[in-house]
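The structure appears right after this line, and notes come after that.
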């Protein structure tokens, strides 16, 4: 038996940690709980938001332009509300009466800045040689003649009609702009609350970036709840079957829970202190709890399984615990260091959420290390253990499987290596098929409310993807207006854009009206004085919103708004490139053009994802290799430590290519996750091999016998990644499926490919 005055380890640092756990367990547990509670108190400051614009770096040109447009023209993020029934003539007195009530309700909402619909639109007419602007719908209750007048006016102005009616004229459309003083989720909730009761006799569809962004907080909350419960359920089931100890499972679960609340709390504290968008809880963040569950689980599994094995031979809690921690403290520290390094490579990403993701997960990983090296062994020390229990006295299924692997693959290292390489070849054949798609429509499952609404907007309306072109110049100059018209004509000719609107359209409509509604005068006047007179006549009306939505107060900045149906990321790249070429080639330098909008955001995000993914892979592998080399004092060991990781990355990206899973700002984190989670296996194996290398006999087989069981149990219990398959978001589902395969490939990559390489070169490695 160990004397309390003696050292538990020859390593002074190890000895300190073990002493705190064995000699002062109650104190250690109390301090661990207090520190965790302090950190977790930050959860009250967690803020959920998934606005794509907040993901982009502040110095990005398209974001700067977008923010400038927000200041000049109000929010460019809107909600579209469409109500009606398929093949139903929606232009009738009753439907328009309901629309009138709806717009009145919206007017009373503080979250609403402006409304565009038939009941809020104006009509321009010529009365005795003067332009007169009146309400298109001037009262709630209309007769048949009133409805016919509205219909006639819309038919004469097809561009206006496109904005207010569906293509088949069976749905009425309302476009609602939010006030920038309120959050989009609050705005969305108020709009839905106003629409759903009023339009209960109609089919109602909602869309637009503001609707999607405003809907995400609630979806994310529900998603996180389901994923955590599902992940824990899967993990607990596998742990129970293999550990066969309720107390053992409880202790691992305690470690996981404490690490999780500490991570979420740190995210809240960081957001509170910095007010930075990178610490917002977004769609991407829904995978964070599951990621940390698996990493914390790995630490806990290694400690508990090692303790049970030592108890089997020593029948002494203090001795078994001290030997277990003495063997594990260094490899757990090293796996923590390499895992944190892998996730911190995300801070090099230009995308704000990835930076926050990497930092917050790293904090959670650090806390899992802190608890697994101090609190967990203290809790073990405080327990009374039955030495004759199945958990301690008998080997589990995964333990027996590890023994079989050690016999099978160590005896035939060349065959084992070739077996592993065959899978790598399969992965390589699929990598070139990996595509990029950051279109948010594809993030939602078919049949979901959001996806159905977005598909409807694309099929039956002009689409909800927007392109905004900011034009600097004299907006009263016919030449400038002509250049704006040229850009609009080009956009329509490209057939990617379904609708454009600008001050040029307003001027052309005014000119036609002034010239007795003669269609040949639906042009921009050639004289500046005429343009100015038309604007003055319009400004004398009460309709100020029409002009303010397309030109600023001093007529020096104009806005072209273009709507498009959903485009693939590849189509967006091609379209934006052609647009930039056209502007440079055909648009006069008299005006300054800046392009932004949702389409441009998608383009810019796709570029950043490519850069971020490549950088993360190479930087993570490099750091893991360097850290391993320094710790093991051998560059060969450093190279070997990244072999299973490289294998898993190749296989996962190969699978993405074969199954058409796209790279986006969510799946872009896969490489960091794979490296962060999978590095544990290689480090524990190498540490154990080196520790046993001083002994005689089949070192490799003994090493696999020692670490194979916790590696397989860790991989098995981390099938909790499968919980991500239940996510409401398709990219998160992909992460779940791919990470299940990653756990298999990294564990078997360690036990088969890495162990085979070590077996082939063991003489050089030992010497």
Next item on the list: Give just the number: which of (1) modelled with pLDDT of 90 or more; (2) assigned to a helix (DSSP H, G or I); (3) under 21 Å from residue 175 (Cβ atoms) does residue 500 not satisfy?
Entry: (2)
Note to self: Restricting to the stretch 99-111, give me the number of residues that are under 22 Å from residue 171 (Cα atoms) and without any contact (Cβ under 8 Å) to a residue 40 or more places away in the chain.
What the structure shows: 2
Check: Restricting to the stretch 28-77, what's the tally of residues that are in contact (Cβ under 8 Å) with a residue 24 or more places away in the chain, in a loop (DSSP other than H, G, I, E, B), closer than 22 Å to residue 209 by Cα and within 21 Å of the chain's Cα centre (by Cα)?
Finding: 8
Next item on the list: Please state which one of 225, 221 is surrounded by fewer than 22 Cβ atoms within 10 Å (Cβ to Cβ) and either without any contact (Cβ under 8 Å) to a residue 12 or more places away in the chain or on the phi > 0 side of the Ramachandran plot (or both).
Entry: 225
Next item on the list: Output the residue which, of all residues in the stretch 427-444 that are surrounded by fewer than 21 Cβ atoms within 10 Å (Cβ to Cβ) and at pLDDT 85 or above, is nearest to residue 755 (Cα to Cα).
Entry: 428
Checklist line | Subset of the stretch 78-102 (residues that are over 21 Å from residue 212 (Cα atoms), in a helix (DSSP H, G or I) and in contact with a strand residue (DSSP E or B) (Cβ under 7 Å, 6 or more places away or on another chain)) | finding: 95, 99
Next item on the list: Filter the stretch 112-138 down to the residues that are within 13 Å of residue 95 (Cα to Cα) and touching a residue at least 24 places away in the same chain (Cβ under 8 Å), then identify the one that is surrounded by the most Cβ atoms within 10 Å (Cβ to Cβ).
Entry: 118
Check: Residues in the stretch 441-453: is at least one within 21 Å of the chain's Cα centre (by Cα), free of Cβ contacts under 8 Å to residues at least 24 places away in the same chain and part of a helix (DSSP H, G or I)?
Finding: yes
Check: Across the stretch 649-691, what is the number of residues that are touching a strand residue (DSSP E or B) at 6+ places or on another chain (Cβ under 9 Å) and either closer than 16 Å to residue 623 by Cα or not assigned by TED's automatic domain parsing to the domain that holds residue 757 (or both)?
Finding: 0
Margin query: So if I check each of 590, 578, which one is surrounded by fewer than 19 Cβ atoms within 10 Å (Cβ to Cβ) and out of contact with any helix residue (DSSP H, G or I) (no Cβ under 7 Å at 6 or more places or on another chain)?
Written below: 578
Notebook entry, point to check: If you take the residues in the stretch 265-294 that are at pLDDT 95 or above and surrounded by 24 or more Cβ atoms within 10 Å (Cβ to Cβ), which one is farthest from residue 742 (Cα to Cα)?
Noted result: 265
Margin query: Please list, ordered by residue number, the helices (runs of 4 or more DSSP H) wholly in the stretch 586-689 having 2 or more residues that are within 30 Å of residue 58 (Cβ to Cβ) and touching a residue at least 12 places away in the same chain (Cβ under 8 Å).
Written below: 598-632
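The values are calculated or read from the model by the stated rules, or taken from the named source; none is laboratory data. What you see is a predicted model; the values in this text were computed from it and never measured. Neighbour counts are summed over all protein chains in view; Cβ atoms, including those assigned to glycine, are modelled from backbone coordinates with ideal geometry.
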